[in-house]
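Structure, as structure tokens:
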Amino acid sequence: MTFWEKAAAELLDIIEWSDDSSDTMVWRFPRFDNEIKNGAQLIVRQAQAAVLVDRGAIADIFSSGQYRLTTQNLPLLSTLMGWPYGFHSPFKAEIYFVNTRNFTNLKWGTKNPVILRDPEFGAVRLRAFGTYVVRVSNPAQFIREIVGTGGHFTLVDICEQLRNLIVSRFADTLGESGIPLLDMAANYNELSAFLTKNIASEFLEYGLEVTKLLIENISLPLEVEEALDKKSSMGIVGNLDNFVKFQAAQAMETAARNQGGDASAGIGLGMGFAMANQLGKIMAAPEGAASGTPPPLPDEGGGVSYFVGENGTRKGPFDRNNIIGQIQSGSVTRETLLWKQGMAAWEKAESFDEFKTTLQSTPPPLP
């Protein structure tokens, strides 16, 4: 500092801070030998607060406006009083400017997955990230607890600690919420509000306030997401037969657009005919037959089993076709006793309506 600059500081003292950065939270006003003169003009701009530290203790806090300061350092006389101390005044005072605006778009996220017990999927590992907004709500507390005597304090110096605090409380909040995994997305706002409320008191211990905290995404491990995608795909496909037909049509269209050389054209044409033939078979097949396996034959007997009583013994069970074959071969006659489920007693074959036509068309046994 030149002689004239020092002389000007003795006569006129204007203290102000024009912040041109985006991350400075606290800045100490530089003053030669930390001498703040009596009657100095303090200018505090919008979204700022000034903390006066006189002889090592916080003396006052100033919000936006212009102030005239009074200290024990008197203009001009301070230099004379400093003679016994080597031209340095024994009365020291400092001004710390605190940025009180909202610091936005600060990121937080889980470094490691959070293990959670889900009622549907069991134990799952979740990751989450989001943003938050913070501001200095108590400048004196912030300087006492965080800044100390540092002359320049930025977001970088505290962001890591704030992120760790948010992630720790997020894991606890998520575990206590009991919200099923598939319902997480519908509860982001509620989780954000609850998390903000939980960490508010801990931020206030530092003189800070969380004005907004957002959960942008809660994600699953890749293998779990792939399993969910497969399950969702099966639900979207619905009718598998129609899906197979659609896939065949798509493949046929892709082959038709193949614009390779002459050699590939022949191959593509052959593949096209083969696919067209296969597609025709699929389209012609009845519903449920697209897999190439024929459906089971209808049960002509209706699932009914018959028993035959002959010479005091019971034979069976036989289905209806088997009984008809025995009638045609003469093993079962009109007088043969039959029984099926639901009957109270044995009855002659001629009393069964399902066999009357066969019995009438079959001649009786020779005498």
field: Links that overshoot a 21 Å alpha carbon limit, given the list Lys111/Lys197; Lys315/Lys348; Lys107/Lys212
entry: Lys111/Lys197
- request: Would you order Phe97, Phe103 from fewest to most other beta-carbon atoms within 10 Å of each residue's own beta-carbon?
  value: Phe103, Phe97
query: Residue separation times 0.36 nm, minus the C-alpha to C-alpha distance between Arg125 and Ser63: what's the value?
result: 17.6 nm
- prompt: Label 7 Å along Cα→Cβ of Glu225; the range 109-143 residues with amide nitrogen under 18 Å?
  reply: 109-116, 124-131
- request: Quick one: dipole size for the range 95-162, taken about the Cα centre, charges +1 on Lys/Arg Cβ and -1 on Asp/Glu Cβ, in debye to the nearest 20.
  value: 80
field: Approximate spin-label separation Asp157-Ala251, in nm, with each point projected 7 Å along Cα-to-Cβ
entry: 6.7
- request: In nm, give the distance between the simple-model label positions of Lys111 and Thr357, each being 7 Å from the Cα along the Cα-to-Cβ direction.
  value: 8.4
Packing-based exposure ordering (other Cβ within 10 Å, fewest first) of Trp346, Trp27: Trp346, Trp27
query: Any idea what the dipole of the range 97-252 comes to, in debye rounded to 20, about its Cα centre with Lys/Arg Cβ at +1 and Asp/Glu Cβ at -1?
result: 320
query: Where does each of Val51, Val98, Val304 land when they are ranked from fewest to most other beta-carbon atoms within 10 angstrom?
result: Val304, Val51, Val98
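Where a number appears in this text, it was derived from the coordinates with a stated rule and is not lab data. Predicted, not measured: the structure shown is a model, and the values here were computed from it. A quick note on method: Cβ atoms are made from the backbone with ideal geometry, for glycine too, and the neighbour counts reach across all protein chains shown.
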